[in-house]
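Working notes for the structure below.
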Amino acid sequence: MGSEERSNQKNECVSLSLMREDVPETETICVFGTGDMGRSLGLRLMQAGYGVIFGSRRPQNCQILPSGAQVLSHAEAAQRSHLVFIAVQREHYEFLVPLANQLKGKVLVDLSNNLMKNQYPEANAEYLQSLVPGADVVKGFNTLSAWALQNGPSDANRQVYLCGDRTEAKQEVKAVATKLGFSGLDQGSLSVSRKLEDFPLQLFPLWRLPLRIALGLTASLFFYLLIREVLFSYITEGKDISFRIMVSLANKVCPIVALTMLALCYLPGVFAAFLQLYRGTKYRCFPDWLDRWMLCRKQLGLLSLGFAFLHVLYTLIIPIRYYVRFSLSERTVSQIRENRTNVFDTSLAWHSDSYLAFGIIGFGLYVLLGITSLPSVSDALSWKEFSFVQSKLGHLTLLLCTIHTYLYGGSRFLRSYMYKWYTPPGYMLCLVLPTVVILLKLLLITPCVDRTITRIRQGWERGVDQKNAKEITPLML
């Protein structure tokens, strides 16, 4: 009986040892640096199931690190992991030189950034590689903020750009990024690290052209309307209506800029379609100016939406303006004194309500376009759904807002007093571009033209024998 018990105990010990062999140990990752970036990265790694060891100059003084993480000296921490994240600034890299032997054969991930472009003669990652030649340096995670690392990937910040000279090292870092919920994108060799380090220093690169257009339109229209509205009344009639600059003038500039920029969002697509029709193929590059224009359409649309919001807010405060309240009270008192009333005009009521209705519906679709352009929303839509909203509903929005502006003007364009100093009113200027876009789009959706464009975008080429042509993969633009 005793021998059977010893045999059973022996079998249990063997089975327990086999179970321990089957359970993989937690992978340990080393992080050099205990600042905001290092702490956020360590916390995210621990949440993903990694063991984290921090390397610090003064391990005994580190008291605000994530609970459960070990803190050792740099030399001790480097021996515990094959993957080491360097979350320190370039000017502190000298401490790595004495650790060259401990870091030999390990993967070093450089997270550093600079304060300005071309701050140093070589990229930080290349400098790090020269200090520790026996290690495999990978540039990565530098385009993420400490907030993004601590709170997890958001829909607008999923990409982790990587570069390095050794493919296996990049694959190891990419696997960590994937486990953290990010998408690792290989950008090539370590020579690309300069480009990755300059990426966080860019200030709204895709917004520059739209912002210049918006500022140019706003400034030019403001001075144009200032001359027509304020200076004209002061010079010809001696009236000082400069108080209208703050609200009335701004409420004329904002809708003009909004509608013009909305038309600019869809004008490059029209140009591209006609260019493909003219060439008879889609396998030729667009001009650079058209490419840049098409790439910033989202920014143009969002700025346009911002001006539309301002127009709505300015319109809502009109009833509480002193000038409007004073005019209404004066008109009411005048009618009482003269004992006269106004006759209700049904046609004018229809015109006014239609003008407001088209504006409200157009603004509602405007907001829908802006919401669906957000990455968190567009990622949840299929390509067909996104194209339907941004293209078909977008053109419908442009049409409704254009009709809204036409109804605002009504028949006033026939009255001579509207052309002050022989200049057209502002609303007439903003109708030119949207009207052109709508007419060209109507031409493009006619059956014969639309059929030809569809064939071209499916790979058909004019003048090419389709039977003998090489097989190509049709790509919808």
Name the residues in region 277-334 that are assigned by TED's automatic domain parsing to the domain that holds V367 and of a type in the set (G, A, S), would you? G280, G301, S304, G306, A308
In region 130-147, what residues are touching a residue at least 24 places away in the same chain (Cβ under 8 Å) and farther than 22 Å from L41 by Cα? L131, V132, P133, G134
For region 343-366: of the residues being modelled with pLDDT of 95 or more and among the β-branched types (V, I, T), which is surrounded by the fewest Cβ atoms within 10 Å (Cβ to Cβ)? I360
Residues satisfying the stated conditions in region 219-247, i.e. touching a residue at least 24 places away in the same chain (Cβ under 8 Å), under 22 Å from G306 (Cα atoms) and part of a helix (DSSP H, G or I): L221, F222, Y224, L225, R244
Selection status of S327, under 23 Å from L442 (Cα atoms), surrounded by 11 or more Cβ atoms within 10 Å (Cβ to Cβ) and of a type in the set (G, A, S): no
P425 meets each of (1) surrounded by 13 or more Cβ atoms within 10 Å (Cβ to Cβ); (2) under 19 Å from C265 (Cα atoms); (3) not polar (S, T, N, Q) with one exception, condition (2)
Is there any pair linking a residue in region 31-47 that is in contact (Cβ under 8 Å) with a residue 40 or more places away in the chain and surrounded by 24 or more Cβ atoms within 10 Å (Cβ to Cβ) to one that is charged (D, E, K, R) and assigned to a strand (DSSP E or B), with Cβ under 6 Å and at least six apart or on different chains, and which? none
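For (1) outside any helix (DSSP H, G or I); (2) more than 23 Å from L300 (Cβ to Cβ), each residue gets a yes or a no:
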site	(1), (2)
Y323	no, yes
R340	yes, yes
Y366	no, no
G370	no, no
Going by the conditions given, is A77 under 21 Å from A169 (Cα atoms) and in contact with a helix residue (DSSP H, G or I) (Cβ under 8 Å, 6 or more places away or on another chain)? no
Report, ordered by the first and then the second residue, all pairs with beta carbons closer than 6 Å, sequence separation of six or more or different chains, a first member in region 181-194 that is at negative phi and of a type in the set (S, T, Y), and a second member that is surrounded by 14 or more Cβ atoms within 10 Å (Cβ to Cβ) and assigned to a helix (DSSP H, G or I). S193/A125
Single match in K252, K282 (criterion: surrounded by 14 or more Cβ atoms within 10 Å (Cβ to Cβ), in a helix (DSSP H, G or I) and either touching a strand residue (DSSP E or B) at 6+ places or on another chain (Cβ under 6 Å) or not hydrophobic (A, V, I, L, M, F, W, C) (or both)): K252
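The values are calculated or read from the model by the stated rules, or taken from the named source; none is laboratory data. For clarity, every value in this text was computed on a predicted model and none was experimentally measured. For neighbour counting, all protein chains shown are included, and Cβ atoms are generated from backbone atoms with ideal geometry for every residue, glycine included.
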